[in-house]
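These notes concern the structure reproduced below.
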Amino acid sequence: MHDALTIAGREFGSRLLLGTGKYDTFETMRDAVVASGAEIVTVAVRRIDFDAPGEDITSFLPEEVLLLPNTSGCETA
């Protein structure tokens, strides 16, 4: 067994960070996140549509998962 990963005072039981890209559907992505046991997932900022709340990628992720923003590919602030 390994020690918990602690970042900024928050403990994580899993050291796996999982990306949310390249899945065919948001449902498949959610199932992969849940099955992996990952507690931290990267989310491309470009994939979040703030104009359509409830229909974006974040609504498919478990609430307890920490989102790590990925800004690669962004062309503007």
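Computed from the coordinates by the stated procedures, all read-outs in this text should not be read as laboratory data. None of these values were measured; they are calculated from a predicted model. Counting neighbours? That spans all protein chains shown, and the Cβs are built from the backbone with ideal geometry, glycine included.
Tabulated data for the structure shown
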| item | result |
| --- | --- |
| Relative frequency of Cα-Cα separations exceeding 18 Å in the chain, percent | 44 percent |
| Length gained when the stretch Leu68-Ala4 is fully extended (0.36 nm per residue, less Cα-Cα span) | 21.2 nm |
| The chain: relative contact order as a whole-number percent, Cα under 8 Å and 6+ apart | 27 percent |
| Excluding exposed DSSP-loop GluC sites (Glu not before Pro) (at most 11 other C-beta within 10 Å), longest clean stretch of the chain | 1-54 |
